[in-house]
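See below for the structure under consideration.
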Amino acid sequence: IGLLYMQRMAEDLSLERASWQIIAVFHGPAGYMLLSDAAYDRVRKSTGGNPYRTLIDKLQKVGIRFEECGQTARDNGWVNADLLPGVLVNSGANFRFVQLAQEGFVQLHP
C-alpha cells in the first residue's frame, strides 16, 4: 500500500508541477522490502525474487529516494550488497525521522 501511495503522490504532485521530494525510510518488519532478489529469497524463504523490486525501481526513476534503517540491517545481518541498487542506508530510522522533521519534511504513514 505504501509503495502505491508514493506512486500516486508523485504522479499527482508532478501533474500539478509542484516542487516535491519523497524519502521513503524502511525499517523494522518492512525492511525486507528493499532487499535484492537473492537476499529477499534467502530471508523470506521463497523463490522468484523481490516482488516489490520493479515498482521500487520505477519510483526511484521518478525521484523517490529509498533508505534502509541501519539498525534494521544490522539486526538482520544484511549488508549493502543485500539491498536493491540505489538504496541508501541511514544510521537508524528513529534518528532519521527526527532529522527529516527538522529539515521540514512531514512523516506520512499509509
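The values are calculated or read from the model by the stated rules, or taken from the named source; none is laboratory data. On a predicted model such as this, the values are computed, not experimentally measured, just so you know. With ideal geometry, Cβ positions are generated from the backbone for all residues, glycine too; neighbour counts draw on all protein chains shown. Please note that ligands, DNA and RNA were not included when accessible areas were found on the heavy atoms of the full protein model with its side chains. Shrake-Rupley method; radii C 1.70, N 1.55, O 1.52, S 1.80 Å.
So if I check each of GLY92, GLY104, GLY77, which one is open to solvent by less than 80 Å² (accessible area, probe 1.4 Å), more than 21 Å from LEU4 (Cβ to Cβ) and in contact with a strand residue (DSSP E or B) (Cβ under 7 Å, 6 or more places away or on another chain)? Don't jump to the end; show me each part of the working.
Numbers: GLY104 fails: in contact with a strand residue (DSSP E or B) (Cβ under 7 Å, 6 or more places away or on another chain); GLY77 fails: in contact with a strand residue (DSSP E or B) (Cβ under 7 Å, 6 or more places away or on another chain).
That would be GLY92, the only listed residue that is open to solvent by less than 80 Å² (accessible area, probe 1.4 Å), more than 21 Å from LEU4 (Cβ to Cβ) and in contact with a strand residue (DSSP E or B) (Cβ under 7 Å, 6 or more places away or on another chain).
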| said: Condition first: touching a residue at least 24 places away in the same chain (Cβ under 8 Å), open to solvent by 100 Å² or more (accessible area, probe 1.4 Å) and assigned to a helix (DSSP H, G or I). Now tell me which residues in segment 5-21 satisfy that. | reply: TYR5
| Which one is least open to solvent (accessible area, probe 1.4 Å), of the residues in segment 57-74 that are small (Gly, Ala, Ser) and more than 20 Å from ASP41 (Cβ to Cβ)? | GLY70
| Can you tell me which residues in segment 1-51 are touching a strand residue (DSSP E or B) at 6+ places or on another chain (Cβ under 9 Å), among the aliphatic types (A, V, I, L, M) and under 18 Å from THR72 (Cα atoms)? | ILE23, ALA24, VAL25, MET33, LEU34, LEU35, ALA39, VAL43
| request: Tally the residues that are closer than 16 Å to ASP82 by Cα and in contact (Cβ under 8 Å) with a residue 24 or more places away in the chain, restricting the search to segment 39-64. | output: 7
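Please go through segment 45-56 and give me each residue that is surrounded by fewer than 14 Cβ atoms within 10 Å (Cβ to Cβ) and on the phi < 0 side of the Ramachandran plot, ordered by number. So that I can check it myself, show each step before the final result.
Of the residues in segment 45-56, the ones surrounded by fewer than 14 Cβ atoms within 10 Å (Cβ to Cβ) are 45-48, 51, 54.
Answer for segment 45-56, where residues must be surrounded by fewer than 14 Cβ atoms within 10 Å (Cβ to Cβ) and on the phi < 0 side of the Ramachandran plot: SER46, THR47, PRO51, THR54.
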| said: Just to confirm my filter: which helices (runs of 4 or more DSSP H) fall fully inside segment 22-106 and include at least 3 residues that are in contact with a Ser or Thr (Cβ under 9 Å, 6 or more places away or on another chain) and at pLDDT 95 or above? | reply: none
| query | If you scan segment 80-89, which residues turn out to be of a type in the set (A, V, I, L, M, F, W, C) and either closer than 18 Å to PRO29 by Cα or buried (at least 17 other Cβ atoms within 10 Å of the Cβ) (or both)? | reply | LEU83, LEU84, VAL87, LEU88, VAL89
